[in-house]
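Since the structure comes first, as structure tokens, the remarks are kept for the end.
The values are calculated or read from the model by the stated rules, or taken from the named source; none is laboratory data. Remember, predicted model here, so these are calculated numbers, not experimental data. Every residue, glycine among them, receives a Cβ derived from its backbone with ideal geometry; neighbour counts consider all protein chains shown.
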Amino acid sequence: MAYTGKEEPELPISDVVFNEKQMFEGMLKSKKLFSFRGSESVLSYLRHLSNSMASPKKKLQGLVAATITPMTEHGEINFSVIGRYVDYLVEEQGVKNVFVNGTTGEGLSLSISERCQVAEEWVTKGKNKLDQIVIHVGALSLKESQELAQHAAEIGADGIAVIAPFFLKPWNKDVLINFLKEVAAAAPALPFYYYHIPALTGVKIRAEELLDGIQDKIPSFQGLKFSDTDLLDFGQCVDQNRQRQFAFLFGVDEQLLSALVMGATGAVGSTYNYLGKKTKQMLEAFERKDFSSALNHQFCIQRFINFVVKLGFGVSQTKAIMTLVSGIPMGPPRLPLQKASREFTDNAEAKLKSLDFLSCTDLKDGNMEACS
């Protein structure tokens, strides 16, 4: 179903939290993870499972910011600004869902320990402020993914997401599902999302094919983050799963309106860190069936994205823009990525000032011009 901008009623507990047999089967499969974490972690995890049984999660929908990992000039994580970051998203951009340690967050450039620390900081600082915190736990190693999944459950995250392994790759749907199943079993009470991003993983298994019968093998499966431009594949994912309460989260910001027409329930993206309000205007126009206005908002967003893509746009440049717009220092990326040039930042700032983002963002160097 399409995004409506309104909260849906809580799902029946059976849609999100699974029967006792499935839950404890998952726990038994994770016993090796429990063994090195100690009895306190086991008790913590059991408490989390108990809480999950009592409080089923709402469906993940609307805008989800793919969070940036702030760093110092020396490449160490700057945990001190994450609290400000949470407040900025909620108060300035109106975004209350986050996707932590994904591509934008340089998750796969961080150590396992760092990923755990970043996740903990977001959960701690986001408590009573953010609606849902989804932690990306994908890794090349199954054991590392399981460890990260269990940790996400222990700290009280609202869901986990996993990309396909991208060095030694799964070669068909069944192999990929077996991998995902083992990760999900490490945190059986958490909603599980597949992160489909074939341009970076090189895993070309169509999402439509993967979703066929997936909940029979992964009971905690709740949806996917679809970061690909193949709208045929995305549309078939929605069309063939209309009777299920899956979250269809689109991950190509400049094509979001097209995905909404096809039934996207929300979106995960990097631009929602600093263009969240502008994108919400598009969602609100879509909800009230003012499609002309929604299209104008999408085109305006596309003008900015098209401009920065031509300059060379990625994680490094996202950090520079977020620093510029929010005033929160995001720092440089970690190698092998290179810091965005001053020329890029100046050009991006000029473009932001020329577009219709006056009511949506507030540059630290001044306001922006209006644009029809």
(message) If I filter the stretch 229-241 for residues that are out of contact with any helix residue (DSSP H, G or I) (no Cβ under 8 Å at 6 or more places or on another chain) and either in contact (Cβ under 8 Å) with a residue 40 or more places away in the chain or at positive phi (or both), do I get at least one hit?
(response) no
(request) Kindly list the number of the only condition in (1) buried (at least 16 other Cβ atoms within 10 Å of the Cβ); (2) polar (S, T, N, Q); (3) more than 17 Å from Glu147 (Cα to Cα); (4) modelled with pLDDT under 95 that fails for Asn51. (result) (1)
(message) Can you find a residue that is touching an Asp or Glu at 6+ places or on another chain (Cβ under 7 Å), modelled with pLDDT of 95 or more, buried (at least 21 other Cβ atoms within 10 Å of the Cβ) and within 24 Å of Ile135 (Cβ to Cβ) anywhere in the stretch 215-232?
(response) no
(message) Among the numbered criteria (1) under 13 Å from the mean Cα position of the chain (by Cα); (2) farther than 14 Å from Ile133 by Cα; (3) aliphatic (A, V, I, L, M), which one does Leu63 miss?
(response) (2)
(request) Exactly one condition in (1) surrounded by fewer than 20 Cβ atoms within 10 Å (Cβ to Cβ); (2) small (Gly, Ala, Ser); (3) outside any helix (DSSP H, G or I) is not met by Ala264; state its number. (result) (1)
(request) Using the structure shown, decide if Asn273 is surrounded by fewer than 21 Cβ atoms within 10 Å (Cβ to Cβ), touching a residue at least 40 places away in the same chain (Cβ under 8 Å) and polar (S, T, N, Q). (result) no
(request) Would you point out the residue of the stretch 301-312, among those that are surrounded by fewer than 19 Cβ atoms within 10 Å (Cβ to Cβ) and not aliphatic (A, V, I, L, M), that is nearest to Asn78 (Cα to Cα)? (result) Gly312
(message) With touching a helix residue (DSSP H, G or I) at 6+ places or on another chain (Cβ under 9 Å), exposed (fewer than 15 other Cβ atoms within 10 Å of the Cβ) and at pLDDT 95 or above as the only criterion, which of Ser316, Ser292 stands out?
(response) Ser292
(request) Return a yes/no flag: does the stretch 100-108 have any residue that is of a type in the set (A, V, I, L, M), farther than 17 Å from Arg334 by Cβ, outside any helix (DSSP H, G or I) and at pLDDT 95 or above. (result) no
